[in-house]
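Q: I have a structure I would like to understand better, so I am pasting it below and will then ask my questions one at a time.
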Amino acid sequence: SLKGKTAVITGSNSGIGLGIARELARAGADVVLNSFTDREEDHKLAADLGAEFGVSARYVKADMSKGEECRALIEQAGRCDILVNNAGIQHVEGIESFPPATWDRIIAINLSSAFHTTAAALPKMREAGWGRVINVASAHGLTASPFKSAYVAAKHGVVGFTKVTALETAEEPITANAICPGYVLTPLVEAQIPDQMKVHNMDRETVIREVMLTRQPSKQFATVEQLGGTAVFLCSAAADQITGTTISVDGGWTAL
Ligand code: NAD
């Protein structure tokens, strides 16, 4: 059980971050949810999650594109036994026309935020005598696709940063690993299916198989529950000697 541990999950008011937060809470951890908005529904999401699993849950607004806010998130969390760096954005465009400001923003949110939160969290983990850093990278942290230069560069960077974090904490009861999801069925992805069905004049199953999951040999999406389960495993005693590595949850994508 993760009772007594506090998990901070960046970018967790939807999708994978929320899925990971839910599984950590199910395992007994107190959770701090985060995104850059500060709406009533963000705070309600945390309150409902806390009530559902009988843990303490709160929502802290912080913009992961800003280093100071990344560090402030960890300070406001109080404890930070489990840090999940999940916030991320995407932009699809060729290198020559890729907007430089978008490049900078993707590097800031998808890569640099993990540096800032980790720097702020490690002293807390050392003080507590236990810690887990879990970085949500991607199959694009290990392989590339055209038109995703900033995303692929940031995710490869996250995998490298994870290894350094692991080496700097190697002799302590702290581990750092990256989870590398393939295509995951989040609301964001679900919303693309009807459009793709229209564009390709295909039914739902065919669009998923032939268009969306061309690179995922299992021909199935990974789920946010499976990613949450992977995070819970990385927090277990069985994973005490797993550090500085990646776990792919990609239906065979990186085996191709
Ligand atoms: P999503 O858009 O549902 O979630 C992204 C989260 O990050 C949201 O909660 C959003 O509010 C938050 N966020 C965005 N900008 C932020 C900012 N400036 N500050 C704080 N929070 C911010 O997408 P998702 O699919 O759940 O993606 C989560 C992570 O998983 C990302 O790092 C993404 O790269 C990675 N990933 C997703 C897939 C997939 O197929 N969905 C595959 C591989 C990796």
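Q: Sorted from fewest to most neighbouring beta carbons within 10 Å, what does the list TRP130, TRP253 look like?
A: TRP130, TRP253
Q: Taking only DSSP H segments of four or more residues, each worth -39500 (n - 2.57), what value at 222 nm results for the chain once the sum is divided by all its residues, to the nearest 500 deg cm²/dmol?
A: Using -39500 (n - 2.57) per qualifying helix, the result is -12500 deg cm²/dmol.
Q: Then there's this: Could you give the alpha-carbon Rg of the chain over 2.2 N^0.38 Å, rounded to two decimals?
A: 0.98
Q: Can you pick out the pairs among LYS66/LYS198; LYS5/LYS148; LYS66/LYS163; LYS124/LYS219; LYS3/LYS148; LYS5/LYS155 whose Cα atoms lie more than 32 Å from each other?
A: LYS66/LYS198; LYS5/LYS148; LYS124/LYS219; LYS3/LYS148
Q: Take the alpha-carbon centre of region 1-47, take the same for region 63-89, and report the distance between them in whole Å.
A: Each part reduced to its Cα centre gives a spacing of 12 Å.
Q: So, in Å, what gap is there between the alpha-carbon centers of region 113-166 and region 187-226?
A: 27 Å
Q: A follow-up question, please. Distances over 23 Å make up what percent of all Cα-Cα pairs in region 1-149?
A: So the portion of pairs separated by more than 23 Å is 36 percent.
Q: Quick check on the exposure proxy: order LYS44, LYS148 from fewest to most C-beta atoms within 10 angstrom.
A: Listed from fewest to most nearby Cβ atoms, that is LYS44, LYS148.
Bear in mind these aren't lab numbers, they're just calculated from the coordinates by the rules spelled out. All figures in this text were calculated on a predicted structure; none of them were measured in a lab. Every residue, glycine among them, receives a Cβ derived from its backbone with ideal geometry; neighbour counts consider all protein chains shown.
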